[in-house]
Amino acid sequence: METTGISPAGEHGVTEIAVIHVNAYGQPGDEWSTLVEPAGPSARMPVASPAGPHRTPPPFAAIAGDLAGLLADRVVVAHNLDFCVRFLVAEYDRLGIDVPLETGTGLCTLRMAREFLPEAGRSLRACCAAAGIEHHGVHHALATARATSGLLRHYLELAPAPPPWAQLLRTSRLLRWPRLRRNGTPPVHRGEVRAEAAHALSRLVDRLPRGEEPPDLDPYLDLVDHALVDPHISADADALDDTARYLRVSGTALATAHRHYLSALVRQASADGVLADAGREDLVRVTELLRIDRAALTDAVARARSGAGGEPVGPGGTRP
């Protein structure tokens, strides 16, 4: 899905959603996708204008029943399932509808990459590249769904038989979905998807290796990546704080992860020879988003330029 922000707090919502049904072997079947008129702040999505004249994306309420029918009796799979489940539950909550969507009853291809693609980065594009899967159309829900289904298929090929998530297939059929009217709302699809020039910071973030942080931090750090490089979403330090609380990331773990993240970003910029080109402006923005004192940035840049490596200043360099 595509959204107006990284947290549904503050009425941020879904702007595009796509679903692909796959069988037990990961082979894709039916596809469904539509743009959605967000209930909250309007999205800055110039690449996602509707195809054809006079076509207005439906509100989530108009597709809620159709979407529920697509998800019922299925194991929901997404790259960063925590993010997708949270937004979907929030959208249904706004309608006063309780849906049985939980991360424990679905599969997250981001978390699973720790086992099946240990050398890959966090992003879907990095995981697909490591698995030899094509992924075209960044910030495009249907392209993302196709890439994720390909990644799931790759995992299925590597997994033992029966796969460790076989029980989820049985559990999904026991979940009680509400009986919602299926409106058969005509989907509104994108117009021409224009390629966007990759920003220097975006290129750096996409090549960041997965660090030594606990696996439970992967969903959070994936959203840090999006907050920095996705021009179509609204994200700030408060939204990240809200996300950390939702994911139950402790303050100590968060501060450590932020310092490691900044250090890795600076080292990547140095290794790519673009430390000057990436500019202090971009790196200062990172410190503001992560609530890191600029002294930590100065220290990280000095270490990278000297080849000393290591981490920036300790806990004292992170603002409370």
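The values are calculated or read from the model by the stated rules, or taken from the named source; none is laboratory data. Just so we're clear, the structure is a prediction, and the values are computed from it rather than from any experiment. Cβ: placed from backbone, ideal geometry, glycine included. Neighbour counts: every protein chain shown. Accessible surface is based on the protein model in full, side chains and every heavy atom, while ligands, DNA and RNA are left aside. Shrake-Rupley method; radii C 1.70, N 1.55, O 1.52, S 1.80 Å.
Dividing the convex hull volume of the alpha carbon atoms of the chain by its residue count, what do you get in Å³ per residue? Kindly include the intermediate steps, with their values, before the conclusion.
Details: hull volume 43.2 nm³, N = 320.
Residue-normalised Cα hull volume stands at 135 Å³.
By its C-alpha gyration tensor, with a ≥ b ≥ c as the square roots of the eigenvalues, how is segment 70-174 shaped: rounded for a/c under 1.5, else prolate for a/b larger than b/c, else oblate?
Oblate, since a/c reaches 1.5 and b/c is not below a/b.
Can you compute the modelled spin-label distance between residue 253 and residue 183, with each label point 7 Å from Cα toward Cβ, in nm?
Simple spin-label model gives 3.9 nm for this pair.
With angles folded into 0 to 90 degrees, how steeply does helix 81-94 sit against the dominant principal axis of the chain? Use alpha carbons for both and round to 10.
Taking Cα atoms only, the helix is inclined about 50 degrees.
Let me have the relative contact order for the chain, percent, based on Cα pairs under 8 Å that are six or more residues apart.
Value for the chain: 21 percent.
How big is the C-alpha Rg of segment 204-278 next to the rule-of-thumb value 2.2 N^0.38 Å, as a ratio?
This ratio for segment 204-278 stands at 1.12.
For residue 306 and residue 11, what is the calculated FRET efficiency with R₀ set at 51 Å and r taken between the beta-carbons, to the nearest 0.05?
Efficiency at R0 = 51 Å is approximately 0.65.
Determine the gain in length on full extension of the stretch residue 170-residue 115; use 0.36 nm per residue of separation and subtract their C-alpha separation, reporting nm with one decimal. Mind showing how you got there, number by number?
Details: separation 55, 0.36 × 55 = 19.80 nm, distance 2.30 nm.
Contour length minus the Cα-Cα distance gives 17.5 nm.
What does the helix-only formula give at 222 nm for the chain: each DSSP H stretch with n ≥ 4 adding -39500 (n - 2.57), the total divided by the residues, and the result rounded to the nearest 500 deg cm²/dmol?
Taken over the chain, the calculation gives -14000 deg cm²/dmol.
From the backbone phi of segment 148-156, what are the Karplus-calculated ³J(HN,Hα) couplings (6.51 cos²θ - 1.76 cosθ + 1.60, θ = phi - 60°) in whole Hz, Gly and Pro given as x?
Couplings: 5, 5, x, 5, 4, 4, 4, 5, 4 Hz.
Assuming R0 = 25 Å, can you tell me the calculated FRET efficiency for the pair residue 158 and residue 212, based on Cβ-Cβ distance, to the nearest 0.05?
Using R0 = 25 Å, I get an efficiency of 0.65.
Quick check: at a probe of 1.4 Å, how many percent of the accessible area of segment 74-216 sits on carbon and sulfur atoms?
Using a 1.4 Å probe with all protein chains present, segment 74-216 comes out at 51 percent carbon and sulfur.
Using only Cα atoms, tell me the angle between helix 275-289 and the longest principal axis of the chain; keep it within 0 to 90° and round to the nearest 10.
Tilt relative to the chain: about 60 degrees.
Could you check the spin-label model distance between residue 98 and residue 24? Points 7 Å from the Cα along Cα→Cβ, value in nm.
Taking the simple label geometry, residue 98 and residue 24 are separated by 3.2 nm.
What Kirkwood hydrodynamic radius do you get for segment 122-254 when you take the inverse of the mean 1/r over all pairs of distinct Cα atoms, in Å?
18.1
With a ≥ b ≥ c the root eigenvalues of the C-alpha gyration tensor of segment 200-247, is it rounded (a/c under 1.5), prolate (a/b larger than b/c) or oblate?
Since a/c reaches 1.5 but b/c is at least a/b, the shape of segment 200-247 is classed as oblate.
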